[in-house]
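First the structure, in the form of structure tokens, and then the observations on it.
Values in this text are rule-based calculations from the coordinates and carry no lab data. Owing to the predicted nature of the structure, the values given are computational and were not obtained by experimental measurement. Note that each Cβ is placed from the backbone with ideal geometry, even for glycine, and that neighbours are counted across all protein chains shown.
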Amino acid sequence: MKRLFAFLLMTVLLVVPALTLAENDAQPIEIKVLILPKFESGEMFGDFPGEAQLYYEGYCMGGEEYDIVGGFEGNKLYVKDGVAMYVTGMGKVNSSMSLFAVLSDDRFDFSNAYVISTGCAGSAPEYTVMGDVFLITAAVDFDLGHHADIRELSEGAITTWFHDPSYDSSSHKILNAELMDRLWELVKDVEIATTERTRNYMAAAFDNADWATRDPKVLRGTTVSGDNYWKGTYDHMNAELMVKTYGCPDPYATTEMEDAAMAVVMDRMGMLDRFIIVRDSVNMDVFMNGATPESLWDPEFEDSLASEESVESADIFRTARENNFKVGSVIIDAILNGSL
């Protein structure tokens, strides 16, 4: 009996380390494309889409799900056929921490992966209309530098931001120009849509200007990432000044809350050359049609951004997300079939 027990004990001692070694030696799962939306409105499929749903339905539904240590609480990494998607959470801290956590997970091989940030944004009047989709070629951090309240500045001042070169290593990132040119050739003619209600709203806000009533299209542009949802003429001019100061290759086009920080993570991970940003416009960066700061963010205001009946943002949102997916799927398919 003692010999049998000793034999069984020895077997366990040999088998358990062997199993552990086999687990540790398991080949990481190769990821070709990592898609990074920031939020989802409800369920991951079948209802009103947030930033994730269309991409989940198109590429990850029915695949595997993984918990990510250090990621956004409760969110999963969805993986199917070389495509992964993770909802990062909104804001620069959430999105950059989530991205770093995903890329650091040794169960997955991102050594050749393209990383695509996708989401909605505000956009610049005269260059853009709601519904446009943007291939972003540079990302600027709105918050790095010095900001002052317009009431504190000299009379006649029109910008309230001041450049500080000590932040330049992380204040802006220029994306891979060669890659952007190749992507532009793929997506520049993708046909996208708008809604009549949004078109009429834009026409009323900007006196039927030709630029405001045009059909939406795919554009190149620079995005400006802020930790707050800002609007207004002064900050619009600040954004334009930042883009000019940093020598970005394309005009200021969008404002959102994540991409500059995520670009810093990609740079530090040695992956900036494979970082792609696709944004769609769901509102403008200035106040329109009588809206004020007090009214637009007041839930009691009939056309506040919190209202499901809001023309600005709510009416165009689904259409803009569909536009984004039309463009993004062209890029993803090109990566997967090796034509990029």
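Within straight-line reach of K76, meaning a Cα separation under 16 Å, sit the following aspartates and glutamates at least 8 residues removed in sequence or on another chain: E40, E43, E51, E57, E64, E65, D67, D105, D106.
Cα-Cα over 31 Å: which of K92/K326; K32/K231; K231/K326; K80/K244; K38/K217; K80/K231? Could you put the intermediate results ahead of the total?
Values: K92/K326 26 Å; K32/K231 37 Å; K231/K326 28 Å; K80/K244 41 Å; K38/K217 23 Å; K80/K231 39 Å.
From K92/K326; K32/K231; K231/K326; K80/K244; K38/K217; K80/K231, over 31 Å: K32/K231; K80/K244; K80/K231.
Looking at the stretch 28-336 alone, DSSP beta bridges between its own residues are antiparallel in about 40 percent of cases. Taking amide H as placed 1.01 Å from N in the peptide plane, C120 has its amide H under 5 Å from the amide H of D280, each at least 5 places away in sequence or on another chain. Over the chain, dividing the summed -39,500 (n - 2.57) contributions of all DSSP H runs of at least 4 residues by the number of residues returns a 222 nm mean residue ellipticity of -10000 deg cm²/dmol.
Along its three principal directions, the equivalent ellipsoid of the chain from the Cα gyration tensor extends over semi-axes of 42, 22, 20 Å, largest first.
Compute and list, largest first, the equivalent-ellipsoid semi-axes of the stretch 89-230 from the alpha carbon gyration tensor, each √(5λ) rounded to a whole angstrom.
Working: eigenvalues 169, 136, 41 Å².
Taking √(5λ) for each eigenvalue gives 29, 26, 14 Å, largest first.
In this structure, F301 and S339 have a Cβ-Cβ separation that, at R0 = 56 Å, corresponds to a calculated FRET efficiency of about 0.70. Relative contact order of the stretch 28-336: 25 percent, from C-alpha pairs under 8 Å at least 6 residues apart in sequence. K188 sits among other residues whose Cβ lies under 9 Å from its own Cβ, and their net charge, with Lys and Arg +1 and Asp and Glu -1, is 0. Modelled this way, with points 7 Å down the Cα-to-C-beta line, the labels at E185 and A148 are 4.8 nm from one another.
Loop only by DSSP, 14 or fewer other Cβ within 10 Å of the Cβ. Give me the GluC sites (Glu not before Pro) in the stretch 147-236 that pass, ordered by residue number. Loop-located and lightly packed - E155, E191.
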